[in-house]
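The values are calculated or read from the model by the stated rules, or taken from the named source; none is laboratory data. This structure is a prediction, so every number in the text was calculated from the model and none was measured. FYI the Cβ positions are ideal-geometry reconstructions off the backbone, even for glycines, and counts take in every protein chain you see.
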Amino acid sequence: MKMNKDIDNLKKNLNIFEEKKDLIAKEWLLIDRVKARLIEHKINPEFFEKHFAIKVIEYFLSVIKGDSNIGHCPTISVMLMFFKGKKITVNDIFVICDGLKEALLVMLLNEEMLDESLLREMFYVKNSNFVGVLRDCAYMNIPLDIENGDGFIGEKIQKEEIILTQSNEDIVLTTPKKELKTYDDYVIDNDLAELKELEEEIDSLGALITMNHTNGGNSEQIDEMSENLDKYGHILTTYPLFENLGFNIKELSINIKDLSEVELSENKINMLSALIESFIHDLIMWRKSLFEVGVTNPHEFDNSIISSVDTISKLLSKDENINESSDDNEMELF
């Protein structure tokens, strides 16, 4: 999409935006409604900041510089796949993305830069990019909202189910009407300890593998990660309650072996890195919630983990089920 409006004021102040980009990202995640939506969908705000917020802001700045076309941000393709796996609706996507506008306004106010012309240009770029987000939501069949009793997920947090309280800058979730249950007595201690060790090894290997892949990869690291995933999945399959989740993780261990035979572009490597970290993040949350904190439903994390497994497997597929953007057929992104 070509720029249909001059943004001279944004260009004049580009150095200030670049200097403050980390503060803008942090301010974005401090907005109550944004933080609440992320936590409602069990997304660590720090994970969102690292993998999405900073990169979206960097794209915003590259549009101002003229280095990127407006409405074409590759980061959002990963973010929307991630959101879809979490069953996040368009309503909530709007709330999360709209937080950037408020964060930018706070920065302008703090720097005493509020100016009508600058605001109009900023809103033009922001809104033009969001048109692409909505278009891609439709392309990916992300629903507008999901009916849930007397309300909609994405329009409000059910207060009878989730209470958010602020304490030492942390958001604490409590569920006053539903009893939490832990399953630490369902799994033997040795298996719990091994699951934790395997998570740490898989996390480290995932970072090394994606970092080294552009240099030809490391087949030993790939084999080790595959083996660790298989061990993790095998432990879960020995417990009927976690059998389905275990088989899905064992399937991922098989698909990971294909990584040494698949040529991935830098964009897909970045996608794979984010997806693997998301997968590990969900595994850690699953283990801590079930065996330390307590849950109301032992399967509440299953769909998110299985969705990550499916997405990673498709990315590694030789059939190229997840296509990269091209000049002729590129998703218009946030």
Of those in region 95-151 that are among the β-branched types (Val, Ile, Thr) and at pLDDT below 80, the residue nearest to residue 28 (Cα to Cα) is 131
Among (1) closer than 21 Å to residue 18 by Cβ; (2) in a helix (DSSP H, G or I), residue 34 falls short only on (1)
Does residue 162 satisfy being of a type in the set (A, V, I, L, M, F, W, C) and either at pLDDT 80 or above or out of contact with any strand residue (DSSP E or B) (no Cβ under 8 Å at 6 or more places or on another chain) (or both)? no
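Rundown of residues vs (1) assigned by TED's automatic domain parsing to the domain that holds residue 144; (2) buried (at least 20 other Cβ atoms within 10 Å of the Cβ); (3) in contact with a helix residue (DSSP H, G or I) (Cβ under 9 Å, 6 or more places away or on another chain); (4) not charged (D, E, K, R), yes/no style:
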position: 15; (1), (2), (3), (4): yes, no, no, yes
position: 33; (1), (2), (3), (4): yes, no, yes, no
position: 37; (1), (2), (3), (4): yes, yes, yes, no
position: 49; (1), (2), (3), (4): yes, no, yes, no
position: 66; (1), (2), (3), (4): yes, no, yes, yes
position: 80; (1), (2), (3), (4): yes, yes, yes, yes
Among residues belonging to region 95-120 that are without any contact (Cβ under 8 Å) to a residue 60 or more places away in the chain and of a type outside the set (D, E, K, R), point out the one that is surrounded by the most Cβ atoms within 10 Å (Cβ to Cβ). 108
Limited to region 42-58, what total is found for residues that are in contact with a Leu (Cβ under 9 Å, 6 or more places away or on another chain), of a type outside the set (D, E, K, R) and without any contact (Cβ under 8 Å) to a residue 60 or more places away in the chain? 4
Just need a number here: residues in region 278-292 that are under 20 Å from residue 181 (Cβ atoms) and either crowded, with 22+ Cβ neighbours inside 10 Å or touching a residue at least 24 places away in the same chain (Cβ under 8 Å) (or both). 9
Show the residue pairs that are 6+ apart or on different chains and have beta-carbon atoms under 8 Å apart, the first residue being within region 211-232 and farther than 20 Å from residue 309 by Cα and of a type in the set (Gly, Ala, Ser), the second being surrounded by 18 or more Cβ atoms within 10 Å (Cβ to Cβ) and modelled with pLDDT under 85. 217/209; 217/259
Search result, residues across region 60-89 that are under 24 Å from residue 315 (Cβ atoms), more than 17 Å from the chain's Cα centre (by Cα) and assigned to a helix (DSSP H, G or I): none
Residues of region 293-304 that turn out to be part of a helix (DSSP H, G or I) and surrounded by 16 or more Cβ atoms within 10 Å (Cβ to Cβ), as a count: 2
Condition check for residue 96: in contact with a His (Cβ under 9 Å, 6 or more places away or on another chain) and within 30 Å of residue 302 (Cα to Cα): no
